[in-house]
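The values are calculated or read from the model by the stated rules, or taken from the named source; none is laboratory data. Note that the structure is a prediction, hence the values are computed from the model and not measured. Cβ placement follows ideal geometry from the backbone for every residue including glycine, while neighbour counts extend to all protein chains displayed. Ligands, DNA and RNA are stripped out before the accessible areas are found, and what is left, the full protein with its side chains, is counted by its heavy atoms. Shrake-Rupley method; radii C 1.70, N 1.55, O 1.52, S 1.80 Å.
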Amino acid sequence: MKQRTTRRVTTMSVAAFLLTSSVVPAADPARHLEGRPGTLVIYETRTGEHLRVNPERAARRYSPCSTFKIPNSLIALQAGAVTPERSTIAWNPERDPRQEGWPKSWSRDHDLTSAIRNSVVWYYQELARRVGAERMSREVSRIGYGNMDTSGGVDRFWLSSSLRISADEQVAFLRRFRAGELGFDEAATRTVKDAIVLERGDGWVWRGKTGACPQEDIGYLGWLVGYVERGEDVAFYALQIEAREFRELFRERIRIMREVLKDLGYL
């Protein structure tokens, strides 16, 4: 499948986040998605431009899966469901029995940092229950996250359920998150930023959050969203790919994004 890449200089307006053009950049990330259904959106502060692979799909909304752990963490911290200093939740096998396919790392107590890095579903379901359906719905709407639909149930609306977000919207959300423009306490924002660090190198920091959900007629939908900072330059990204089996997604998301960021000179 031939992927399409677009680029255009944009302004800081929300409407401009969604613009594309037919100018192909020198570093073309489409080659890393060749033959695989998916999309990729990158916004670079050094150029003020968006780069998109498959822009039509970039504008289409899908389940955020575990990428919602970023706003879920912020909302839970703001609500006092946990605090940066005291965020450990004991695993209760009666409440959250071990299920087929669970990684071994899930079957133990977790704090917020370990839970987001291991993508522990039961931990974030418990956080959402502590926040409560009414407040969660209000906060998701306040920050304008995707279609803002939490009707699928307080502890699963982001898992192949009612909540949907596009790759374009993921990047717009991440820009506001990094800038501290979502209305959360600075301590909460800093805690989540620290928790999603993937790698550090000489002069750069790479942050990101994976996500994967079973999808009807697809198999699995996989995400990797985040941003990389190199000096004063920042690249925000949202990668989304499909696979028939989850194991195809597990390492592929990181591998693809690493190669793209290397091509662009960030890693």
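A few comments on the model shown:
- Summary of the geometry: segment 104-173 and segment 174-251, compared by the centres of their Cα atoms, lie 14 Å apart.
- Largest first, the residues Thr45, Thr150 sort by 1.4 Å accessible area into Thr45, Thr150.
- Amide H to amide H, with H built 1.01 Å from N, Val234 comes under 5 Å of Thr45, Arg46, counting only residues 5 or more places away or on other chains.
- Calculated from backbone phi, Karplus (6.51, -1.76, 1.60) coupling profile of segment 255-262 in Hz, x at Gly/Pro: 4, 4, 5, 4, 5, 5, 5, 5
- Table column - 3J(HN,Hα) (Hz), segment 122-127, Karplus curve with 6.51, -1.76, 1.60, x for Gly and Pro: 4, 4, 6, 5, 5, 4
- Spatially close Lys pairs in the chain, defined by Cα atoms under 19 Å apart and a spacing of eight or more places or different chains, total 4.
- Between Asp202 and Glu181, the modelled label-to-label distance comes to 3.4 nm, taking each label 7 Å out from Cα in the direction of the beta carbon.
- With the convex hull drawn around the C-alpha atoms of the chain, the volume per residue stands at 124 Å³.
- Spacing of the two label points (7 Å from each Cα toward its C-beta) at Asn92 and Ala59, in nm: 4.6
- Nearest-ten-degree value, helix 186-195 long axis tilted from longest Cα axis of the chain: 80
- Computed with every protein chain present, the accessible area of Arg61 is close to 110 Å² [probe 1.4 Å].
- Applying the Karplus relation 6.51 cos²θ - 1.76 cosθ + 1.60 with θ = phi - 60° to segment 29-36 yields 3J(HN,Hα) values of x, 4, 5, 7, 10, 3, x, 10 Hz, where x marks Gly and Pro.
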